[in-house]
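Undergrad: I am attaching a structure below and will ask some questions about it afterwards.
The values are calculated or read from the model by the stated rules, or taken from the named source; none is laboratory data. Keep in mind it's a predicted model, so treat the numbers as computed, not measured. Counting neighbours? That spans all protein chains shown, and the Cβs are built from the backbone with ideal geometry, glycine included.
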Amino acid sequence: MMASLFTMTSGADASGTPEEPSTGPARFDSAFTHGMVPVDGGSLHYVKGGSGPVVVLLHGWPQTWKMWRPVMPALAREFTVVAIDLPGLGDSAILPGGYDKVTIAQRIRQAVKRLGFTGPVGIMGHDLGALIAYSYARDFPADVSRIAPIEGPLAGFGLEDLFSESWHFRFNMSPKPIPEQVLDNGDVRWQLGQIFDFAYKKDAIDREAFFAAYANPARRSAGYEYYRAFPADAANNQANASRRLKMPVAGVGGQQSFGPGVAVSFGKVADDVRTVIVPESGHFAPEENPKYTVECATLFFGPANGTPSRPDLAGCAP
């Protein structure tokens, strides 16, 4: 029943992209290499390429590093780009616990350091990745130059307002094994397809890649753990709100989705927040409007004398 409903309601996918290894040369672009890096509890998968200042890319749910493929080659012309699969997702190890964003940020930082990047890095995080970027920047401010959270208001500061907007929030937060048993492998397309329909350009998402990434029940369960940690995340964020971020923050929202809401949320915990609205985009801005995403990121993470070429890039100024 759920699978048949999916076929009636979902948009087209962008299948046909090459399969990628977990180690070795990347197939989507020869400038990139896959690898694994050890952290507490296991190893994380990463894709690295380019040269210049380091920009770490953190994906959200229900995706993997592959969401960044439309922007990685262009960003690698100016930056060292490191896209990391979050613990438990993609090709990263499924860890037994520690899915609160503070612990996840610690593990991401371990990966960055063990890859040899000792100086401050820029972080661009989408969805869950935005929440992790905040914890990383707050707890290790000397290690972060600036952050660009995309379509991810903070737990405790606006995320909860979204719970009534989509059934998946409280469902994913349900105690184990409720969601694990309610939805099985046959429901993946229906379940994730509803989330991808939050896109304004529905055919921009490589749905098949992410259906495959969450076909494993253990991966789906790991994804739920990120949601189950939201109450702890909110409590931690509120308790530490006085430790305000001093580095620049570009709060990025899709024009057809959160809009200025991300900047409003981060304005409650940071001093230098710029509002960025991605034109003609819904929740999945890097895939729906990769050209704008690259232009904005190149400005924001680039040289201090960079100047926006258009009014819609004003919030991306360094």
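Undergrad: Look through the stretch 268-289, keep the residues that are among the polar types (S, T, N, Q) and buried (at least 21 other Cβ atoms within 10 Å of the Cβ), and return whichever of them is farthest from PRO153 (Cα to Cα). Talk me through it step by step, then tell me what you get.
TA: Within the stretch 268-289, the first condition is being among the polar types (S, T, N, Q), and the residues that meet it are 275, 281, 289.
Imposing the further condition that a residue be buried (at least 21 other Cβ atoms within 10 Å of the Cβ) reduces the set to 281, 289.
Details: SER281: 17, ASN289: 20 Å.
Here the residue is ASN289.
Undergrad: Oh, and also: I'm checking my understanding of the structure. Among residues of the stretch 49-65 that are under 10 Å from the mean Cα position of the chain (by Cα) and either in a loop (DSSP other than H, G, I, E, B) or polar (S, T, N, Q) (or both), which one is farthest from MET124 (Cα to Cα)?
TA: Of everything passing the filter in the stretch 49-65, PRO62 is farthest from MET124 (Cα to Cα).
Undergrad: Just to be sure before I move on: is SER92 buried (at least 24 other Cβ atoms within 10 Å of the Cβ) and either of a type in the set (S, T, N, Q) or modelled with pLDDT under 95 (or both) in the structure I sent?
TA: Details: buried (at least 24 other Cβ atoms within 10 Å of the Cβ): yes; either of a type in the set (S, T, N, Q) or modelled with pLDDT under 95 (or both): yes.
Here the answer is yes, as SER92 does meet what is asked.
Undergrad: Can you confirm whether SER265 is surrounded by 15 or more Cβ atoms within 10 Å (Cβ to Cβ), over 24 Å from MET72 (Cα atoms) and within 18 Å of the chain's Cα centre (by Cα)?
TA: Working: surrounded by 15 or more Cβ atoms within 10 Å (Cβ to Cβ): yes; over 24 Å from MET72 (Cα atoms): yes; within 18 Å of the chain's Cα centre (by Cα): yes.
For SER265, the condition - surrounded by 15 or more Cβ atoms within 10 Å (Cβ to Cβ), over 24 Å from MET72 (Cα atoms) and within 18 Å of the chain's Cα centre (by Cα) - is met.
Undergrad: Out of ARG189, ARG170, ARG243, ARG207, I need the residue that is surrounded by fewer than 19 Cβ atoms within 10 Å (Cβ to Cβ), charged (D, E, K, R) and in contact with a Phe, Trp or Tyr (Cβ under 7 Å, 6 or more places away or on another chain). Which one? Break it down into steps so the answer makes sense when it comes.
TA: On the way: ARG189 fails: surrounded by fewer than 19 Cβ atoms within 10 Å (Cβ to Cβ); ARG243 fails: in contact with a Phe, Trp or Tyr (Cβ under 7 Å, 6 or more places away or on another chain); ARG207 fails: surrounded by fewer than 19 Cβ atoms within 10 Å (Cβ to Cβ).
None of the others qualify; the one that does is ARG170.
Undergrad: Taking only the stretch 290-307 into account, find how many residues are crowded, with 16+ Cβ neighbours inside 10 Å and without any contact (Cβ under 8 Å) to a residue 24 or more places away in the chain. I'd like the intermediate steps shown before the answer.
TA: First, pick out the residues of the stretch 290-307 that are crowded, with 16+ Cβ neighbours inside 10 Å: 290, 292-302.
Restricting the remaining residues to those that are without any contact (Cβ under 8 Å) to a residue 24 or more places away in the chain gives 292, 295, 299.
The qualifying residues number 3.
Undergrad: Quickly run through the stretch 74-89 and pick out the residues that are among the charged types (D, E, K, R), more than 16 Å from TYR214 (Cβ to Cβ) and either touching a helix residue (DSSP H, G or I) at 6+ places or on another chain (Cβ under 8 Å) or buried (at least 24 other Cβ atoms within 10 Å of the Cβ) (or both).
TA: Selection gives GLU78 alone.
Undergrad: Just to be sure before I move on: is THR307 within 21 Å of ALA76 (Cα to Cα) and among the hydroxyl-bearing types (Ser, Thr, Tyr) in the structure I sent?
TA: yes
Undergrad: Considering only the stretch 44-66, how many residues are over 16 Å from GLU225 (Cβ atoms), small (Gly, Ala, Ser) and in contact (Cβ under 8 Å) with a residue 40 or more places away in the chain?
TA: 0
Undergrad: So is ILE205 in contact (Cβ under 8 Å) with a residue 40 or more places away in the chain, more than 20 Å from VAL262 (Cα to Cα) and within 15 Å of the chain's Cα centre (by Cα) or not? Even if it seems obvious, please write down each step before you answer.
TA: Details: in contact (Cβ under 8 Å) with a residue 40 or more places away in the chain: yes; more than 20 Å from VAL262 (Cα to Cα): yes; within 15 Å of the chain's Cα centre (by Cα): yes.
The answer is yes for ILE205.
Undergrad: Among all residue pairs at least 6 apart or on different chains, which show Cβ distances below 7 Å where the first residue, located in the stretch 225-251, is under 30 Å from GLY302 (Cα atoms) and the second is among the aromatic types (Phe, Trp, Tyr) and surrounded by 15 or more Cβ atoms within 10 Å (Cβ to Cβ)?
TA: Listed pairs, sorted by first residue: ASN237/PHE157; VAL249/PHE266; ALA250/PHE300; GLY251/PHE266.
Undergrad: If only one of ARG244, ARG310, ARG228 is out of contact with any Lys or Arg (no Cβ under 9 Å at 6 or more places or on another chain) and among the charged types (D, E, K, R), which one is it? Let's see the steps before the verdict.
TA: Values: ARG244 fails: out of contact with any Lys or Arg (no Cβ under 9 Å at 6 or more places or on another chain); ARG228 fails: out of contact with any Lys or Arg (no Cβ under 9 Å at 6 or more places or on another chain).
The conditions single out ARG310.
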